[in-house]
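The values are calculated or read from the model by the stated rules, or taken from the named source; none is laboratory data. Remember, it's a predicted structure, so these values are computed and weren't measured experimentally. Here the Cβ positions follow ideal geometry from the backbone for every residue, glycine too, while neighbour counts run over all protein chains shown.
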Amino acid sequence: MATDPLSPPADDPDASPAGAPGDPPRSSPGERDPLDDYRALPTRGLSDVLGIEVLELSPDRVVATMPVDRRTRQPFGILHGGASVALAETAVSLGAWRSIDRARFAAVGLEINANHLRAKTEGVVRVVATPIHKGRTTQVWSAEISDEGGRTVCISRCTMAIVPLDRTR
């Protein structure tokens, strides 16, 4: 059986219930898992196509992984920059979505940039997205993508517009 290269060994005393050392538990006993809202969405679109798995989802931190494989590599054999941007925007969008009143507002991408710092040919990359600014009409998030060794592969910043639902239809 293959093991997740980003998870600690089962006998790691520092491992938390979320899987990675230092990660908070996904939910408390008797509390609804925040990932249930995500899993209940009618479609996850590009996330499913690229194999993105969301591991942690809160208004202040999103952690997700994506395989580096035939779906996410460019023709020259390395991780496609667009796949990294898709991973970053997925994490940021979900974090913004978790931090707004979803009955009244939508969080939509306004701008994204990325610096690709290290090539990756195989394995798994992990994104950690955290907010820099949460305003009434915009949010700015940082997303850092790293490899299994914790080395930074890509850094991204994304600005989200928070718009009333009646303006998105």
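Pairs under 7 Å by beta carbon, first residue more than 28 Å from PRO34 (Cα to Cα) in the stretch 55-81, partner of a type in the set (Ser, Thr, Tyr) and modelled with pLDDT of 95 or more, six or more apart or different chains? If the second residue must be of a type in the set (Ser, Thr, Tyr) and modelled with pLDDT of 95 or more, the pairs left are GLY77/THR121; ILE78/THR121; LEU79/THR72; HIS80/THR72.
Does ARG32 meet the test of being more than 12 Å from the chain's Cα centre (by Cα) and either at pLDDT 75 or above or of a type in the set (D, E, K, R) (or both)? When the stated conditions are applied, ARG32 passes them.
One residue stands out in the stretch 62-112 among those that are of a type in the set (Lys, Arg) and within 30 Å of PRO164 (Cα to Cα): the one that is surrounded by the most Cβ atoms within 10 Å (Cβ to Cβ), namely ARG98. Considering the stretch 87-169, the qualifying strands (runs of 3 or more DSSP E), each wholly inside and each with 2 or more residues that are in contact (Cβ under 8 Å) with a residue 24 or more places away in the chain and closer than 14 Å to THR65 by Cβ, run over 123-134, 138-146, 152-164.
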